[in-house]
Amino acid sequence: MKLNQLRYICEVAHRGLNVSAAAEALYTSQPGVSKQIRMLEDELGVQIFSRSGKHLTQVTPAGAEILAVAQRVLGEVQNIKAIAQEHVGESRGSLSIATTHTQARHTLPSVVGTFRIRYPNVSLHMHQGTPLQIAEMAARGSVDFAIATEALELFEDLVMMPCYRWNRSIIVPLGHPLCDEQPLTLESVVRYPIVTYVFGFTGRSKLDNAFAAAGLSPEVVFTATDSEVIKTYVALGLGVGIIATMAFDSERDIGLTALDAAHLFESSITSVGFRRGMYLRGYMYDFIEAFAPHLTRGVVERAVAARSAEEQEQFIAEFLPRLEMR
């Protein structure tokens, strides 16, 4: 049994049993991947994948158990490398982060800038995607950290830690009738077409829940993953925007104004998550603390030590009242 064989079966499973896509991602050939999978199955005496002709059709029951162990083995291999790197050069290495457009553009730049000054020999890699994609990347170990508002809690293999609270603003052109609404209400907002985030992005569920609880059905005419795109179409007169307050800059967003909507929607919480069992290097602890100062190394180690779902929930609940609002 070879480590490459374990990498191959995990990648094939991740690629929806598409051997060609797996081979491309692994920078090898399709016949080579297929051959190594066959050799592993022959050695183990069981099929990992069911087949119809030359095509893989599904993961077998035995294959599902093998894949789960293979993922853990590959994770431990990464840990061994990280431990060695920490002792060889504690200020050298890489850090990969998966996050949304909003986090990448509005909360991470200052953190990354400070981190680069302290660790100039650590290369940073930023991956953007949906919250679900972000959580999946962290869970399978293809990135170190996932930073998002939604979906992280769906993965039991992630250690989750709350970072900060945030809420929303209504974005309208200067002089819009909503500027004169005192107080601003959901009933007044729903009179206009809505431009906001795609469902599943940046706390969109809290927005939908607020309208539903009030018995209102907003006309969402345009959605996007990026706050900058939303503001562009608000400026074009497509509708009123609802975005994270942190995404509005009065000096840069000329011609628009932000109306505080914190009283209309429940606040959302952005969290950072990483694969349970992952070895954290010293600079990784420092990055987390730079992003969320209350998450010191000791606190992170406590989160890692929380094994049950109940312990994890208790840890999170302890910090919720103290989270900074951004």
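The values are calculated or read from the model by the stated rules, or taken from the named source; none is laboratory data. These numbers come from a predicted model, not from an experiment. A quick note on method: Cβ atoms are made from the backbone with ideal geometry, for glycine too, and the neighbour counts reach across all protein chains shown. Accessible surface areas use protein heavy atoms only, side chains included; no ligands, DNA or RNA. Shrake-Rupley method; radii C 1.70, N 1.55, O 1.52, S 1.80 Å.
Tabulated results
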{"item": "³J(HN,Hα), Karplus 6.51/-1.76/1.60, whole Hz, each residue of region 287-297, x for Gly, Pro", "result": "5, 4, 5, 5, 6, 9, x, 6, 8, 6, 4"}
{"item": "For the chain, average projected area of the Cα convex hull in nm²", "result": "20.2 nm²"}
{"item": "In order through region 276-285: 3J(HN,Hα) via Karplus (6.51 cos²θ - 1.76 cosθ + 1.60), integer Hz, x for Gly, Pro", "result": "4, x, 6, 7, 9, 7, x, 5, 5, 4"}
{"item": "For region 61-125: accessible area per residue (Å², 1.4 Å)", "result": "56 Å²"}
{"item": "Neighbourhood charge, 11 Å Cβ-Cβ cut-off, centred on residue 144 and excluding it, Lys, Arg +1 and Asp, Glu -1", "result": "+2"}
{"item": "In degrees, nearest ten, helix 3-14 long axis to first principal axis of the chain (Cα)", "result": "40 degrees"}
{"item": "Rel. contact order, % - alpha carbon contacts under 8 angstrom, at least six apart, the chain", "result": "20 percent"}
{"item": "Compactness of region 1-77, expressed as Rg and Dmax over alpha-carbon positions, Å", "result": "11.2, 35"}
{"item": "Nearest-ten-degree value, helix 61-88 long axis tilted from longest Cα axis of the chain", "result": "80 degrees"}
{"item": "Residues of type lysines that residue 206 reaches as a straight line, Cα spacing below 28 Å, ignoring anything fewer than 8 places off in the same chain", "result": "231"}
{"item": "Candidate lysines - alpha carbon under 29 Å from residue 2, same-chain residues fewer than 8 apart omitted", "result": "35, 54, 81"}
{"item": "Residues in region 247-284 reached by a label modelled at residue 182 [backbone nitrogen below 18 Å; 7 Å Cα→Cβ]", "result": "258-263"}
{"item": "Net charge contributed by nearby residues that have their C-beta within less than 11 Å of residue 248 (K/R +1, D/E -1)", "result": "-2"}
